[in-house]
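The next block holds one structure in the form of structure tokens; read it before the comments.
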Amino acid sequence: MKDELIRVFVAFPVPENFLIAFREYSQNTTEIPGLRWTREANLHLTLFFIGEIGQEDLAQVKGRLNSMLSSFIPFELEFDKISFRGKLNTPSMIWAQFKVSENFRKLFIRIHTSMENLMTIKVQHTDPIPHVTLARLKKGVDLYELKTRMSDFPLKIIVDRIELWKTVHSNDGVIYNKIFIE
């Protein structure tokens, strides 16, 4: 019998100061139809998406990440803007977008190089934009209303650790859980 596949990615959990800014931002728009805020426990900055792997590859992924952790150097990301992502006239997501970072790019390349032979998908973005997905939008959501209520995230975050996360589908929607790697 073949192992069940696990959808995994490397992420940084957002810090408390980011959660506070998110709460303030999201509380101003709770009544807008078609807007679904990301659960606080699911908020993360994706560093690298590996894909769906079997249990037999999970130990290798953990081992490679542990090797990286021994030489991981924290770095800072500076908030850039709130952006609407997806199709131009019908965006499907709201992002807290961070400025381009050479340190982020180098970490992305390092993880990709380490995980490449275990990946089940092709890398779609070779120069990814550091971001946190704040919300999902249904088609037809009132963007004018959203834009008039946008506030700033005047903060920087320190990416001081990397974690392995998995996607779990539940009756309440998607949940992201940390996979302990040590």
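The values are calculated or read from the model by the stated rules, or taken from the named source; none is laboratory data. Just so it is clear, the model here is predicted, and its values are computed rather than measured. All Cβ positions, even for glycine, are placed from backbone atoms using ideal geometry, and neighbour counts span all protein chains on display.
Against the condition exposed (fewer than 11 other Cβ atoms within 10 Å of the Cβ) and either in contact with a Leu (Cβ under 9 Å, 6 or more places away or on another chain) or at positive phi (or both), how does residue 140 come out, does it pass? The answer is yes for residue 140. Screening the candidates 12, 18 for the property of being modelled with pLDDT of 90 or more, in a helix (DSSP H, G or I) and under 14 Å from the mean Cα position of the chain (by Cα) yields one hit, 18. Screening the candidates 94, 6 for the property of being surrounded by 12 or more Cβ atoms within 10 Å (Cβ to Cβ), among the hydrophobic types (A, V, I, L, M, F, W, C) and over 16 Å from the mean Cα position of the chain (by Cα) yields one hit, 6. Would you check which residues across the range 126-137 are under 20 Å from residue 157 (Cα atoms) and surrounded by 16 or more Cβ atoms within 10 Å (Cβ to Cβ) and list them? 128, 130, 131, 132, 133, 134, 135, listed by residue number. Residue 89 falls short of the stated requirement of being touching a residue at least 60 places away in the same chain (Cβ under 8 Å), over 25 Å from residue 166 (Cβ atoms) and either loosely packed, with under 14 Cβ neighbours inside 10 Å or touching a helix residue (DSSP H, G or I) at 6+ places or on another chain (Cβ under 6 Å) (or both). Residues in the range 21-51 that are in a loop (DSSP other than H, G, I, E, B) and either in contact with a Lys or Arg (Cβ under 6 Å, 6 or more places away or on another chain) or of a type in the set (Ser, Thr, Tyr) (or both): 28, 29, 30, 34, 38.
Kindly evaluate residue 56 against the criterion of being in contact (Cβ under 8 Å) with a residue 24 or more places away in the chain and surrounded by fewer than 12 Cβ atoms within 10 Å (Cβ to Cβ). Break it down into steps so the answer makes sense when it comes.
Numbers: in contact (Cβ under 8 Å) with a residue 24 or more places away in the chain: yes; surrounded by fewer than 12 Cβ atoms within 10 Å (Cβ to Cβ): yes.
Spelling it out, residue 56 is indeed in contact (Cβ under 8 Å) with a residue 24 or more places away in the chain and surrounded by fewer than 12 Cβ atoms within 10 Å (Cβ to Cβ).
Being more than 19 Å from the chain's Cα centre (by Cα) and among the aliphatic types (A, V, I, L, M) holds for only one residue in 43, 47, 77, 58, and it is 58.
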